[in-house]
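Each remark here refers to the structure printed beneath this line.
The values are calculated or read from the model by the stated rules, or taken from the named source; none is laboratory data. Predicted model only: the values in this text are computed from it and were never measured. Because the Cβ atoms are built from the backbone with ideal geometry, glycine has one as well, and the counts that use them run over all protein chains shown.
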There are 2 protein chains.
Amino acid sequence: MKKRLAILVGSIAATVIAAPTLADEGMWQPHQLPALENILKEKGMEINPKSISKLTEFPMNAVVSLGGCTASFVSPKGLVVTNHHCSYGSIQFNSTAENNLLDKGFLAKSLSEELQAAPGSRVYVTEEVTSVTDKINSGIDSTLSGAERYQAIDNKRKELVADCEQDKAYRCTVSSFHGGLEYYLIKALAIRDVRLVHAPAKSVGKYGGDVDNWMWPRHTGDYSFYRAYVGKDGKPADYSEDNVPYIPKSFLKVSAKGVADGDFVMAAGYPGRTNRYRLAEEVRHAFGSSYPTAKKYREEFIDIIKTVAPEGSDARVKYESTIAGLANYAKNYGSMLNSYGRSDFQQRKDQLETDLNAWIQADSKRIAKYGEAMQQLNALIIKEQHYWLRDLTLAYAGRTNMLDAAKRLYRLAHEKSKPDAERESGYQERDMKRFEQGMKRITRRYDAEVEKTVLHHFFMVYAGLDKEQHVKAVDKVLGLSKPDAKQLTKKLDKMFKKTKLGEEETRLQWMEASVEDFKKSKDPFIKLAVATYESDMQLEKEQKAIAGEFQTLRPKYMEAIIAYNQSIGKPVYADANSTLRVTYGNVKGYSPKDGAVMMPFTSLRGLSEKETGEWPFNSPEKLLKLVSAKTHGEYYYEPVDSVPVNFLSTLDSTGGNSGSPTLNGKAELVGLLFDGIFESVIGDWDFDDNLNRTIHVDSRYMLWVMEHVDGAHNLLEEMAIVK
Amino acid sequence: MKKRLAILVGSIAATVIAAPTLADEGMWQPHQLPALENILKEKGMEINPKSISKLTEFPMNAVVSLGGCTASFVSPKGLVVTNHHCSYGSIQFNSTAENNLLDKGFLAKSLSEELQAAPGSRVYVTEEVTSVTDKINSGIDSTLSGAERYQAIDNKRKELVADCEQDKAYRCTVSSFHGGLEYYLIKALAIRDVRLVHAPAKSVGKYGGDVDNWMWPRHTGDYSFYRAYVGKDGKPADYSEDNVPYIPKSFLKVSAKGVADGDFVMAAGYPGRTNRYRLAEEVRHAFGSSYPTAKKYREEFIDIIKTVAPEGSDARVKYESTIAGLANYAKNYGSMLNSYGRSDFQQRKDQLETDLNAWIQADSKRIAKYGEAMQQLNALIIKEQHYWLRDLTLAYAGRTNMLDAAKRLYRLAHEKSKPDAERESGYQERDMKRFEQGMKRITRRYDAEVEKTVLHHFFMVYAGLDKEQHVKAVDKVLGLSKPDAKQLTKKLDKMFKKTKLGEEETRLQWMEASVEDFKKSKDPFIKLAVATYESDMQLEKEQKAIAGEFQTLRPKYMEAIIAYNQSIGKPVYADANSTLRVTYGNVKGYSPKDGAVMMPFTSLRGLSEKETGEWPFNSPEKLLKLVSAKTHGEYYYEPVDSVPVNFLSTLDSTGGNSGSPTLNGKAELVGLLFDGIFESVIGDWDFDDNLNRTIHVDSRYMLWVMEHVDGAHNLLEEMAIVK
């Protein structure tokens, strides 16, 4: 035991030496990197920043999207590494009760043993990113109304995508940057024969489960392997036994040496969405009103479930996953509100707007260019917020199954009357299987007493809102123009007694019904859906019109922000929008609070200390024996006196970055990005140098498990491992 | 914000440099210190270890006991510094609703403003420690039974004490060391005019309250000042306006420079009780049986209260402090069990016994000397444990008010029939005020439904125990020879319906009653107390007899342990027994788990980050303003970029050490010891180098608050401050 602290303490020394002086904020578009060349070199990048700016060159052509996750090629034969949680669906898809691959893990010893990934799995290789801002903007002028603008832009985007997708091998998207200031057409090769190659047991790949979600210290082996297959002609093809592994333009070497505290790291990936350029008013609203209320609503929702369905009851079992989901984001909001309350985020936002306005007002040209837009944008934000409380309240009521099912089923009847391509997303033919599964799932997740109480609660909150916040159709059908608890109880009792939507068969039958069938129904929830449909559609239309107005104003604001930053010598990256970005930084711990420091590495020893033998802390026996025997192989890292498991970095990441290859200065894979820490949940809004940390699986841990626990020697041989 | 981590990280560097190589375990009797001279010098002690071994020389003659707490002289005029929690009772005693000194804090600007401490407050200055082992043992031989031995030793101790206390100025005690291997007569000057001089507001002195109890990072200003007064003749005297400040033989200088990470520190104090030399079997029993059961009982007790007295009910209010007490030790046991489960403590104990036995068996003289005692001791331990489950179960039943009050009142009637001096402690005249307060307190802490349910629960557990565990008297009066839930419910319903002990007046009347009165009573709980009294007394007698047997065997075991350790060159300290001890070590952080490190210092910044404005995190406004303004005065410590508040050290301490002066190598006061960390709760049994940490108030924080917040300039001038 004595050796331990001395060693931990030793590893802190490196942090001291490497304490960086530059902020690591930024999710950069690859083409921006050459402008950051000096910073990157100073921080430790050894490859030429110019090369990383080119999508068709190493290493960027080895980085791929899985749609929602990131991955990378790690062999010349299309082997792809990503997070375990990114291939979770595919492992589950191939599991049966008798052969549960989630529990056991999976290893294909040869190509022929590889398994088809879950339906819809894709590997997207971004090949071209072309600016289409001019094309989108041509013909769009200030005479258009918000709704018209929204429609016009939507049409242009669809045209450009359709054009690009003439070649069926590609999936194309038009992405908006800086709120619509720039548009890029992104053309990605869409490989659609994806196979599962290897995944460790869930007790490695998802070690710590929900308990450790967002948490540090962490000990999760969050990695797995896919392989991309194409037709014999090298082009994407549907699954076929004749298909052959895709030969990527390049692939990443995997480092068995890993990184040390303070080392330079970077990651390329597809971060989902951030709100770094929201206006002060939007921040104030989110953190002052919307998040606290949403957190409260979630907690109330949970309280109702726990009261109506006490621990041990049948009803409670049905709501465990609902509780988990509600609690998860209540925790997320809690973290953000806590960070917001403790930081000077709002003051900085306010200051930025003051500074920006002063900068605009200091120059008549700037006033002419941005002055009006700033005011209008703030006015639009206020307008958009006007009904937030009503909408949020009704949205939480709408999280109950009967109300939700009735509305979705009726919308389906409407959407089905349109050609498939014109239907709203979620109601197209390709969505029907999932839609049906959703309708079936309600059977296992529904209890009338719980839902009645939840609806009563949120409807009473709604009924108590200001008159002008009310939706006539809702008031009319439910009698909610003013709060009357007894009346509402009676009403809901009746509705739940009469509705047949609690029956799975009935729900599935309604999937085939026409709009007319719905209109004739006497089912109280169907009647409710029919009665509020027009009103709901009207609200959706109004929201799209507001979105159209934002499409005029936000680009002007971003233009001002970029120009202002340029005037003070600061490059600007765009908010994340699921497009390819690069982030750089260092391996580094953090201080969660006065007196406490989190070290940047965890180790096998810490993993075994967490062990309880019960999920989610139940490592495979073989792994534990290796830990006890100190079988470190070539993956020993002296500062932790063990094999490192996970590490922290200052990289700027968010959801969608999962699975991103973490690269050292030579662009060797030293880890996989898989989570952020609790204190950086607010990172989607505000980057704090001291608290923004990203969590990675250490490549040494991945290789150690593959070699010593799972015996994945075929893959270790296939990959290029740097020793 | 940027500066923060860099600075924290900077302070880690010192830890690296100072990582000590010697274990700091040991609560040493001062006379042992010269033997440790080399170690002490190597670690950083600058004063002569020989001087610290003498009670009549500096610095030991500046260290005093308050009875349960430690303190020290810090001025030539009898000024004494100790923990805030050690003078809490005196601050409370001087508080009224209109003038709440706990809330406001207190500062006497001159001697005349000083307030009498709570009744019974004493300052004990240890002047002589004399070995009396031979005296105690003379005339005690192996022919005595356990009970006789117990009585004989008790009588000898009483004689020696009475002799020594001929001089009324002194309080004397005979303390047993190494389980009775050695006895020392300790003669302490007992100063009985003690006055409250200064205490910060509770929101400084008890900052963090129960929430932060045992916790690190910590931000508690746990200090306060008393002054010792004596008669004009310099001898202890009862309170009188004519008394004068006591002039101590020496006093400690207070350091305004404080300590740094890695610095040598030592503390002198009166640690209460440890179990470091318990046998493997005793450890196994405590951690395998007794603690887990006690933890479970406490949790069951809490569950019953929470169910019968739901949140918000009147009954719940009555049990909040009961819940807090139960939960506090459930947490304590939880920490110990957790530490035990994660460590190799039991293996080490087992190994030690194996090694010790091997060492004994290797030599015929040793076999003759220790061989039998070892076996007998283990047999006695097994015998002692035989009824543990019955006793623990009945003890938890006995934590209910009616049962406890009835038994105590009846015992009082018995004890009162004896001369005061012969009565059992707790039943003497001096105890009567507290006894009465206890009887009154029940009124605010009693609910029949709760108690009935608790009693039912524990009596049913008792009833389910093996037949041979049963106490006849208990079975007879309660009908518990076998479990019968319904019958017991009926019985208890009747008892609670009929008893008048729920009435305060009735309880107080019983305090005056005779044994005969009790025997005539029809009150069901009185009847229960009467019916079980003889049986209880018999059990108490048997326990004393076992204690007498331990007094023969444990000294032999300790003699073997000491000889064995001597053979491997290891000095042995005795288990803590509330006598003066010295512990030494270094300022040092720790790693609570893989990937996390606790720094050895907290700071004003961290204090303000904890602030919620609600107790226990509601610092005085003035303090917070000074923090905001970064008014650090001369107490700034660069590694934390602020004033340090608390620090950690490797010192070996336990309850009773509270208030101990923490000294640097020059014997200057650099802090006050006031708590241990959660991970070292098991320290009473097992010292773990990596996790045993003691928490201190930093002298710089104390001086900073005194100077900048409370304006205690008179005291700052009175003390000798090293700048």
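Considering only residues that are more than 12 Å from every other protein chain (Cβ to nearest Cβ) and touching a Phe, Trp or Tyr at 6+ places or on another chain (Cβ under 8 Å), look in region B:212-222 and name the one that is nearest to B:V81 (Cα to Cα).
Let us first name the residues in region B:212-222 that are more than 12 Å from every other protein chain (Cβ to nearest Cβ), namely B:213-214, B:220-222.
Right, trim to touching a Phe, Trp or Tyr at 6+ places or on another chain (Cβ under 8 Å) and you get B:214, B:220-222.
Numbers: B:W214: 22, B:T220: 15, B:G221: 12, B:D222: 10 Å.
Ranking the candidates gives B:D222 first.
Quick test for you: out of A:E679, A:E634, pick the one residue that is part of a helix (DSSP H, G or I), within 14 Å of chain B (Cβ to nearest Cβ) and in contact (Cβ under 8 Å) with a residue 60 or more places away in the chain. Let's see the steps before the verdict.
On the way: A:E634 fails: within 14 Å of chain B (Cβ to nearest Cβ).
It is A:E679.
So which of A:A6, A:A23 ends up being at the interface with chain B (Cβ under 10 Å from one of its Cβ atoms) and either under 27 Å from the mean Cα position of the chain (by Cα) or at pLDDT 90 or above (or both)? Spell out how you get there, then give the answer.
Values: A:A6 fails: either under 27 Å from the mean Cα position of the chain (by Cα) or at pLDDT 90 or above (or both).
Only one candidate qualifies: A:A23.
Among residues of region A:686-697 that are over 13 Å from A:D344 (Cα atoms) and basic (K, R), those with a Cβ under 9 angstrom from a residue that is modelled with pLDDT of 90 or more and in a loop (DSSP other than H, G, I, E, B), sequence gap 6+ or separate chain, pair up as A:R693/A:W216; A:R693/A:K588; A:R693/A:G589; A:R693/A:P600; A:R693/A:T650; A:R693/A:L651; A:R693/A:I677. Scanning region A:382-419 for residues that are in a helix (DSSP H, G or I) and of a type in the set (D, E, K, R) yields A:K383, A:E384, A:R390, A:D391, A:D404, A:K407, A:R408, A:R411, A:E415, A:K416. May I ask you to say which residue of A:M439, A:M432 is under 28 Å from A:K520 (Cα atoms), touching a Lys or Arg at 6+ places or on another chain (Cβ under 6 Å) and part of a helix (DSSP H, G or I)? The unique qualifying residue is A:M439. Checking A:K622, A:K723, A:K630, A:K610 one by one, the residue that is basic (K, R) and closer than 26 Å to A:S51 by Cβ is A:K723 and no other. Within region A:587-631, the residues that satisfy the criterion of being within 13 Å of chain B (Cβ to nearest Cβ) and in a helix (DSSP H, G or I) are A:L604, A:R605, A:G606, A:L607, A:S608, A:E609, A:K610, A:V627, A:S628. Screening A:G665, A:G655, A:G676 for residues that are surrounded by fewer than 23 Cβ atoms within 10 Å (Cβ to Cβ), within 23 Å of A:G209 (Cβ to Cβ) and in contact with a helix residue (DSSP H, G or I) (Cβ under 9 Å, 6 or more places away or on another chain) leaves exactly one candidate, A:G655.
Considering only residues of region B:52-107 that are free of Cβ contacts under 8 Å to residues at least 24 places away in the same chain and touching a Leu at 6+ places or on another chain (Cβ under 9 Å), which is nearest to B:A118 (Cα to Cα)?
So in region B:52-107, the residues free of Cβ contacts under 8 Å to residues at least 24 places away in the same chain come out as B:53, B:95-100.
From the residues that got through so far, the ones that are touching a Leu at 6+ places or on another chain (Cβ under 9 Å) too are B:53, B:95.
Working: B:S53: 32, B:S95: 11 Å.
Among them, the one singled out is B:S95.
Out of curiosity, is B:L673 under 24 Å from B:Y124 (Cα atoms), over 23 Å from the mean Cα position of the chain (by Cα) and away from chain A (no Cβ under 14 Å)? Against the criterion (under 24 Å from B:Y124 (Cα atoms), over 23 Å from the mean Cα position of the chain (by Cα) and away from chain A (no Cβ under 14 Å)), B:L673 does not qualify.
For region B:207-257, give me each residue that is aromatic (F, W, Y) and surrounded by fewer than 16 Cβ atoms within 10 Å (Cβ to Cβ). B:Y239 - this is the single residue of region B:207-257 that is aromatic (F, W, Y) and surrounded by fewer than 16 Cβ atoms within 10 Å (Cβ to Cβ). Are there any pairs, at least 6 apart or on different chains, whose C-beta atoms fall under 6 Å, with the first in region B:512-526 and under 11 Å from B:K498 (Cα atoms) and the second part of a loop (DSSP other than H, G, I, E, B), and if so, which? Pairs that qualify, where the first residue is under 11 Å from B:K498 (Cα atoms) and the partner is part of a loop (DSSP other than H, G, I, E, B), are B:D523/B:T499; B:D523/B:K500; B:P524/B:T499; B:F525/B:T499; B:F525/B:L501. Of everything in region B:328-381 that is closer than 23 Å to B:P555 by Cα and outside any helix (DSSP H, G or I), the residue that is farthest from the other protein chains (Cβ to nearest Cβ) is B:D363. Just one of the listed residues (B:S95, B:S131, B:S142) is at pLDDT below 90, under 28 Å from the mean Cα position of the chain (by Cα), of a type in the set (S, T, Y) and over 18 Å from B:G659 (Cβ atoms), and it is B:S95. Residues in region A:498-546 that are loosely packed, with under 14 Cβ neighbours inside 10 Å and in contact with a Pro (Cβ under 9 Å, 6 or more places away or on another chain): A:K498 alone.
Residues of region A:574-586 being crowded, with 21+ Cβ neighbours inside 10 Å and either of a type in the set (F, W, Y) or outside any strand (DSSP E or B) (or both), which ones? Spell out the reasoning first.
Initially, region A:574-586 is screened for residues crowded, with 21+ Cβ neighbours inside 10 Å, giving A:574, A:576, A:579-586.
Within region A:574-586, A:A574, A:A576, A:T579, A:L580, A:Y584 meet the criteria.
Can you go through B:G464, B:G479 and tell me which one is surrounded by fewer than 21 Cβ atoms within 10 Å (Cβ to Cβ) and over 15 Å from B:L392 (Cα atoms)?
Numbers: B:G464 fails: over 15 Å from B:L392 (Cα atoms).
Of the residues listed, the single one that is surrounded by fewer than 21 Cβ atoms within 10 Å (Cβ to Cβ) and over 15 Å from B:L392 (Cα atoms) is B:G479.
Checked against the criterion of being in a helix (DSSP H, G or I) and surrounded by fewer than 21 Cβ atoms within 10 Å (Cβ to Cβ), the candidates B:G312, B:G272, B:G288 yield just one match: B:G288. In the set (1) over 16 Å from B:G272 (Cβ atoms); (2) in contact with a Lys or Arg (Cβ under 8 Å, 6 or more places away or on another chain); (3) touching a residue at least 24 places away in the same chain (Cβ under 8 Å); (4) of a type outside the set (K, R), the condition left unmet by B:T654 is number (1).
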